[in-house]
Each structure stands twice: as C-alpha cells, then as structure tokens.
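One structure below.
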Amino acid sequence: MREGVKLGKYLEEFEVGEKWVSPSRLVTDAEIAMFAGLGGDYYPIHMDDAYAQACGFKRRIMHGLGTLCLLGGFMYQALPIQGMIIAHLRGEYTLPAPVYPGDTLYAEIEVVDKRESKTKPDRGIIAFKNTVKNQNDETVALVTISFMYRRRPK
C-alpha cells in the first residue's frame, strides 16, 4: 500500500444492513461509444437510434455491462473500501430497465453478508447488494457482489 493513502474499513468494521448512497452521474452518448470501442461491441442497439426504436426502446441504450462498469465506480466512490478488497469473487445481476444517454444514475448499496474465510485467517468475504437507479428512481440494475476482503491485522 502506498504511503499517505487513506485505507477503508476492515471486514470487522462493517455491519450487515449498513447502507450508503453513491454520488450520481450523467450517462452520455460519448460514454456509450467509448464502452463500445473498449469491448468491440458495436451492436446496433447501442449505436443506432432507429434500430433501438425498432426493438422497442426510445433510442439507443447503454450496454448492460457498461451499466455494471459504472456500478464499480459508484461503489468505489461511496464505500470505505480503498486498499481493502483483495479479489472480486462473484456477482449476480439483473437489468430490469434500459439506460439511455442523458440518464443520471446512482447506486444504493447495502451490506448483506459478511463472514470470516474458512481457509485464510487474514481475510473474509463481504457481499454488497447494489440497486442502481435513474433520475426517476426506476431501478436499472440489481447487483449482488462478493469480495475477498482484508481483516484487521492481529
């Protein structure tokens, strides 16, 4: 860990049921195009308004994985996790509504589980439930993510 970097909370300092709300951010056409370029996913539903409308959407939509990528930023900004996550272990998600350019998103985050590791005494597992919402408070993503997490040194 670099000197001078403020660390987040250790596993023992989290409580199941603890909650945070992230800062919000605007999704732009440029970000959708950049995400398409990053992954090479130029599927027309993300790039072409007419095609997206023919599929039943108002206009082009953000990639589902792009929405999940934004969640990573929401978690990093809202949670006291800096320097504490060792590994991303698993995630489960649903995307019940589309994200359009011009939507403003934020995340509501809750600790839903924490436990000590069965094999590594210096770490544990913590699970966060994330509800990503738009400016109309419509849920656009429901995500549970589990991390391998640092325990307080003995």
For region 134-154, give me the residue count where each residue is in a loop (DSSP other than H, G, I, E, B) and either surrounded by 16 or more Cβ atoms within 10 Å (Cβ to Cβ) or at pLDDT 95 or above (or both). 6
Selection within region 84-133 - without any contact (Cβ under 8 Å) to a residue 24 or more places away in the chain and in a strand (DSSP E or B): Arg115, Ala127, Lys129
Identify the single condition in (1) at pLDDT 95 or above; (2) in a loop (DSSP other than H, G, I, E, B); (3) surrounded by 15 or more Cβ atoms within 10 Å (Cβ to Cβ); (4) out of contact with any helix residue (DSSP H, G or I) (no Cβ under 8 Å at 6 or more places or on another chain) that Leu68 does not satisfy, given that it satisfies every other one. (2)
Report yes if some residue within region 77-89 is modelled with pLDDT of 95 or more and either of a type in the set (Ser, Thr, Tyr) or in contact with an Asp or Glu (Cβ under 7 Å, 6 or more places away or on another chain) (or both); otherwise report no. no
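Every residue, every condition in (1) of a type outside the set (A, V, I, L, M, F, W, C); (2) surrounded by 13 or more Cβ atoms within 10 Å (Cβ to Cβ); (3) under 21 Å from Gln135 (Cα atoms), yes or no:
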position	(1), (2), (3)
Pro23	yes, no, yes
Ala36	no, yes, no
Met47	no, yes, no
Phe57	no, yes, yes
His63	yes, yes, yes
Gly73	yes, yes, yes
Ile85	no, yes, no
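Take the residues in region 71-83 that are among the small types (Gly, Ala, Ser) and in a helix (DSSP H, G or I); name whichever of them is farthest from Phe35 (Cα to Cα).
Initially, region 71-83 is screened for residues among the small types (Gly, Ala, Ser), giving 72-73, 78, 83.
This time we only want the ones that are in a helix (DSSP H, G or I), so: 72-73, 78.
Values: Gly72: 14, Gly73: 14, Ala78: 23 Å.
Taking the candidates together, the pick is Ala78.
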Which condition number in (1) part of a helix (DSSP H, G or I); (2) of a type outside the set (Asp, Glu); (3) out of contact with any strand residue (DSSP E or B) (no Cβ under 7 Å at 6 or more places or on another chain) is the one that Leu7 fails? (1)
What are the residue pairs meeting all of these: first residue in region 8-33, first residue more than 16 Å from Ile125 (Cβ to Cβ), second residue surrounded by 15 or more Cβ atoms within 10 Å (Cβ to Cβ) and among the small types (Gly, Ala, Ser), Cβ atoms under 7 Å, and 6 or more apart or on different chains? Trp20/Ala78; Val21/Ala78; Ser22/Ala78; Ser22/Ala107; Ile32/Gly66
On the basis of being among the aliphatic types (A, V, I, L, M), free of Cβ contacts under 8 Å to residues at least 12 places away in the same chain and in a helix (DSSP H, G or I), does Leu38 make the cut? yes
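The values are calculated or read from the model by the stated rules, or taken from the named source; none is laboratory data. Keep in mind that what you see is a predicted model, and the values were worked out from it rather than measured. Positions of Cβ are generated from backbone atoms using ideal geometry, with glycine treated the same way; all protein chains shown enter the neighbour counts.
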